[in-house]
1. For the condition within 10 Å of another protein chain (Cβ to nearest Cβ), more than 30 Å from A:Pro314 (Cβ to Cβ) and hydrophobic (A, V, I, L, M, F, W, C), what is the one hit in A:Phe109, A:Phe126?
2. Looking at (1) within 18 Å of A:Tyr324 (Cα to Cα); (2) in contact with a strand residue (DSSP E or B) (Cβ under 7 Å, 6 or more places away or on another chain), can you tell me which one B:Leu81 breaks?
3. Could you tell me which residue of region B:114-125 is farthest from the other protein chains (Cβ to nearest Cβ), considering only residues that are outside any loop (DSSP other than H, G, I, E, B) and in contact (Cβ under 8 Å) with a residue 60 or more places away in the chain?
4. Would you be able to say whether some residue in region B:206-226 is at pLDDT 95 or above, in contact with a helix residue (DSSP H, G or I) (Cβ under 9 Å, 6 or more places away or on another chain), part of a loop (DSSP other than H, G, I, E, B) and among the β-branched types (Val, Ile, Thr)?
5. Among the residues of region B:26-70, write down those that are over 25 Å from A:Gln125 (Cβ atoms), part of a helix (DSSP H, G or I) and either in contact (Cβ under 8 Å) with a residue 24 or more places away in the chain or at the interface with another protein chain (Cβ under 7 Å from one of its Cβ atoms) (or both).
6. Which condition breaks for A:Arg80 when tested against (1) within 12 Å of the chain's Cα centre (by Cα); (2) surrounded by fewer than 24 Cβ atoms within 10 Å (Cβ to Cβ); (3) closer than 23 Å to A:Glu318 by Cβ?
7. Quick check: is even one residue across region A:251-263 assigned to a helix (DSSP H, G or I) and under 19 Å from the mean Cα position of the chain (by Cα)?
8. I want to confirm something. Restricting to region A:129-147 and keeping residues that are of a type in the set (Gly, Ala, Ser) and within 7 Å of another protein chain (Cβ to nearest Cβ), which single residue is farthest from A:Val53 (Cα to Cα)?
Amino acid sequence: MDTKLRAILPDHDLLKMYEQMVLCREFEESCAEQYTKGHITGFLHLYSGQEAVAVGSTRALHKDDYILSAYREHAQAIVRGAEPKRVMAELFGKATGLCKGKGGSMHLFDPDLSFMGGYAIVGGQFPIAVGLAFAAKFRQEGRIAACFFGDGAVNQGNFHEGLNWARLWELPVLFVCENNLYGIGTEVHRSSALADIHKRTCGYEVPSTQVDGMDVMAVYQAIKYAAEWVREHNSAYLVEAMTYRFRGHSMADPGKYRSAAELELWKSRDPLPNFGKRLIEEEIAGQTQLDAIRKEAVAVVQEAVRFAEESPWPEDAEVYNDIYV
Amino acid sequence: MPEITYRDALNLALKEEMRRDPSVVTWGEDVAFYEGSFKVTRGLLAEFGEGRVKDTPISENTIVGVAIGAAMGGLRPVAELMTVNFALLAMDQIINHMTKIRYMFGGQVNLPMVIRAPGGGGSQLAAQHSQSLETFFMHAPGMYVAVPATPADAKGLLKSAIRDNNPVMFLEHELLYNSKGEVSDDPELLVPFGKCEIKRPGKDVTIVAYSRMTILALAAAEELAKENIACEVVDLRTLAPLDTETFVQSVKKTGRAVVVEECWRTCGLGAEIATRIYDHCFDSLLSPVQRVSGLDVPMPYSRKLEKLCIPQVEDIIGAVKEVLSEKY
């Protein structure tokens, strides 16, 4: 890429983005360890490899724009501002968790951050995002709804209903497809008649673009443009970020449907070292500073684990709370 | 008090609440320009405009999901499903999302929303348009379920539903839309959720019913009165919350109970009501609880066959006589 990083964002923001990507990676790898130890149970879907999407996107959105995601959403929540220790406590099922231990890994939520949830029914978040965009427009709040989903979700009726509806009612919805090439073990070419997902919006006249989801600055720029377009036109836009998860679908998946060569190819495109390298090349940071950032992230995650371990379990009486107002 | 139809009572509730609260919005298939397939939304577009009264694509799951999002975003949406049969296309948003969101997110968000859905059988609409799915909704914790029988309750319950901060499944009966009754024009008169009403007092038998079955139960009670049998008709009004206390007290008094349900018998809500009666009234019961239910068949079209599948007044009369003749 020709453009220098400094021409896009100030040093402080660039370093913050690197820090966020490193924190997410450390957090996810720690989750894997805690799962192996039996501290985290149930389903656990890790984001390692996809960090550039959450970090680049979040930086490009306004703080009060709604964000909705699927079940691989720890990083989305943390980048938006959720405390790692409260996310970890949620994964441990503890009372101090983001959702009091009632949601777990797949259902993080924080309305104060406009982080409107992780949803675990594939494509379930589409109509909810459209509804939030309706409310935002109705109340003239100037915010948009950013709806993240995987490549597996685009063959759900909800995807098509949501695109049609957002376009029809002229609602500010930014659809962001994190195309990591696999719906569990089914490669996108084996589930989508048209595997170029961004092209599938043409039936609704919803503009779209594809971006390198392993390049945090490319994601930032694409989402920045798209989000402003959505805000300005009060209409929908779709960004397809081409990315890759380094781990299996969940901790239960060894990922044997992918070749070692393919994994190696994508690991060579790992957004963390590549972005770090650019920061050094463009003299925004030195290796010592990047090492310090990593060290700090490790400490934050260790503290999160300690907090989760030491936190109390929910009281039994809590089981009946929160069903009704 | 003026006498108006069940349809107009619902219409009045919508108008009053939309006048009262600008965050109340409504949408569904054909609700705006066509004014509703059952005309419940008549006049709303003219009064409140296209910003608040909206036609939607035929996308039921999204009709409900958009309401969920709008409720999360600070509005009070009333989504209409053209018939309850189409709620089955929206069960993902209703059950997997609407009833779960508050709980699984640790109580951090409320969903003040209503789904209105006409339903019930008896109009010869055959298997796909005649279902009584109330038990499906009652089964899932996380939503309220209203089943009004009279115009007054239709108005008062819908107003409560719109003002409530919980999601409400509001089940209207298609055969009741033209029924008439006295309805208050006091815009602050609400009917509370979770409160049965004794629609007719009596000492011999308790009939527990809801929606159109209440109307049939009242007709049966009227007939039975001619034979000096005094039936107490308890109208559930809401299936969730379920006011167990009121029908239990009634059965303790009468010692006999008939439960009338339009839905399929197997796992029907009558089984739940009967169980609660056994749990609380075992020592007061003079005979086993009788259930009058829809038949366990897909609804046939033919008028002659359809009638067999839906409880009739004579079925209720028969059950009351049975419960009076039986003894433990």
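The values are calculated or read from the model by the stated rules, or taken from the named source; none is laboratory data. These numbers come from a predicted model, not from an experiment. Note that we place each Cβ from the backbone using ideal geometry, even for glycine, and neighbour counts take in every protein chain shown.
1. Selected residue: A:Phe126, the only one of A:Phe109, A:Phe126 that is within 10 Å of another protein chain (Cβ to nearest Cβ), more than 30 Å from A:Pro314 (Cβ to Cβ) and hydrophobic (A, V, I, L, M, F, W, C).
2. Answer for B:Leu81: the failing condition is (1).
3. So in region B:114-125, the residues outside any loop (DSSP other than H, G, I, E, B) come out as B:114-119.
Still in the list and also in contact (Cβ under 8 Å) with a residue 60 or more places away in the chain: B:116, B:118.
Numbers: B:Arg116: 17, B:Pro118: 22 Å.
This residue is B:Pro118.
4. No, the conditions are met nowhere in region B:206-226.
5. B:Leu44, B:Glu47, B:Phe48
6. (3)
7. The answer is no, given that none of the residues of region A:251-263 is assigned to a helix (DSSP H, G or I) and under 19 Å from the mean Cα position of the chain (by Cα).
8. Of everything passing the filter in region A:129-147, A:Ala135 is farthest from A:Val53 (Cα to Cα).
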